[in-house]
1. Quick one: is ARG100 of a type outside the set (S, T, N, Q), on the phi < 0 side of the Ramachandran plot, touching a Leu at 6+ places or on another chain (Cβ under 8 Å) and in contact (Cβ under 8 Å) with a residue 40 or more places away in the chain?
2. Against the conditions (1) part of a helix (DSSP H, G or I); (2) in contact (Cβ under 8 Å) with a residue 12 or more places away in the chain, where does GLY48 fall short? Just the number, please.
3. Output the residue which, of all residues in the range 1-15 that are surrounded by 23 or more Cβ atoms within 10 Å (Cβ to Cβ) and charged (D, E, K, R), is modelled with the highest pLDDT.
4. From the set of residues in the range 50-88 that are hydroxyl-bearing (Ser, Thr, Tyr) and over 17 Å from the mean Cα position of the chain (by Cα), which is least open to solvent (accessible area, probe 1.4 Å)?
5. I'd like to verify a number: residues in the range 40-66 that are among the hydroxyl-bearing types (Ser, Thr, Tyr) and out of contact with any helix residue (DSSP H, G or I) (no Cβ under 9 Å at 6 or more places or on another chain), how many?
6. Considering only residues that are under 20 Å from ARG101 (Cα atoms) and among the acidic types (Asp, Glu), look in the range 183-218 and name the one that is surrounded by the fewest Cβ atoms within 10 Å (Cβ to Cβ).
7. Hey, any hits in the range 74-81 for a residue that's in contact (Cβ under 8 Å) with a residue 24 or more places away in the chain, touching a Pro at 6+ places or on another chain (Cβ under 8 Å) and among the acidic types (Asp, Glu)?
8. Kindly provide the set of residues from the range 161-171 that are closer than 19 Å to LEU99 by Cβ and surrounded by 23 or more Cβ atoms within 10 Å (Cβ to Cβ), ordered by number.
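The values are calculated or read from the model by the stated rules, or taken from the named source; none is laboratory data. As the structure is a prediction and not an experimental result, all values here were calculated from the model. All Cβ positions, even for glycine, are placed from backbone atoms using ideal geometry, and neighbour counts span all protein chains on display. Accessible surface is based on the protein model in full, side chains and every heavy atom, while ligands, DNA and RNA are left aside. Shrake-Rupley method; radii C 1.70, N 1.55, O 1.52, S 1.80 Å.
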Amino acid sequence: MPTRGVIFDLDGVIVDSSMFHFGAWQRWARKIGIIEEVDEAWFREHHGKRNDAIITATLGPLPETELEAHAVRKEEYYRKLARGKLEPLPGVAKFVEALRRDEWRLAIGTSTPRENLEMVLAEMPFGGAFAATVCGPEVEHGKPAPDIFLRAAELLELPPERCIVVEDAPSGVAAAHAGGFACLAVATTRPRELLSEAELLLDSLEEATPGAVAGLLR
């Protein structure tokens with residue numbers, strides 16, 4: 001059988017880190033005096049996007065060095081809040097192991113910076129299962145552009161039609177489709193109706209099987 005791959009998003013798919021990211025953004029907003037703007041609606045609107053896009057949308061265009069300083073500060077807050085407290089979402093470990101037994105190639109494609117990804121994988125029992133990892137700052141365009149997933153597929157040495165993307169956000173589903181990937185969406189952080197464009201929609205990865213995702217390959 002031709003080789004197959006699964007590309008996982010990180011936040012909301014492998015771990016539920018949303019409360020820590022929200023807390024980090026609020027610390028950032030308090031530090032620069034805009035805490036009243038960064039509420040739950042703001043977070044839902046921007047969750048899943050790259051930091052540069054979020055900061056620019058909130059503060060307007062900034063010099064590159066200033067933009068980077070804001071992003072670094074926010075992620076330092078996040079790691080301080082999240083370190084040692086993250087756990088895999090239900091079904092993730094079992095699904096990853098089942099895919100490995102069936103000889104799928106596995107990757108992660110996430111908007112998060114690499115320092116965050118490495119922290120999370122170091123705390124997951126299956127952190128070594130992924131043959132490739134791609135982070136948002138390492139590609140030109142963030143989600144909903146497909147750059148992250150296309151680069152992950154390239155590292156897996158597979159074309160998009162031989163890979164399934166696993167996402168929890170509408171921007172991630174859109175990125176998968178823009179790159180020519182089929183998408184399995186899990187309603188862990190978003191209402192199901194916002195993920196209805198995915199080829200397969202589940203409440204969690206407890207319901208996922210290698211056979212189900214194999215049926216999505218084109």
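1. Working: of a type outside the set (S, T, N, Q): yes; on the phi < 0 side of the Ramachandran plot: yes; touching a Leu at 6+ places or on another chain (Cβ under 8 Å): yes; in contact (Cβ under 8 Å) with a residue 40 or more places away in the chain: no.
Here the answer is no, as ARG100 does not meet what is asked.
2. (1)
3. ASP9
4. Residues of the range 50-88 that are hydroxyl-bearing (Ser, Thr, Tyr), as a first pass: 56, 58, 65, 77-78.
Checking which are over 17 Å from the mean Cα position of the chain (by Cα) leaves us with 56, 58, 65, 77.
Details: THR56: 53, THR58: 27, THR65: 115, TYR77: 52 Å².
This residue is THR58.
5. The total comes to 1.
6. First, pick out the residues of the range 183-218 that are under 20 Å from ARG101 (Cα atoms): 184, 205-217.
This time we only want the ones that are among the acidic types (Asp, Glu), so: 206-207.
On the way: GLU206: 13, GLU207: 15.
Out of the qualifying residues, it is GLU206.
7. Yes, the conditions are met somewhere in the range 74-81.
8. Taking the range 161-171 as the starting set, the residues that turn out to be closer than 19 Å to LEU99 by Cβ are 161-168.
Across the range 161-171, the qualifying residues are CYS163, ILE164, VAL165, VAL166, GLU167, ASP168.
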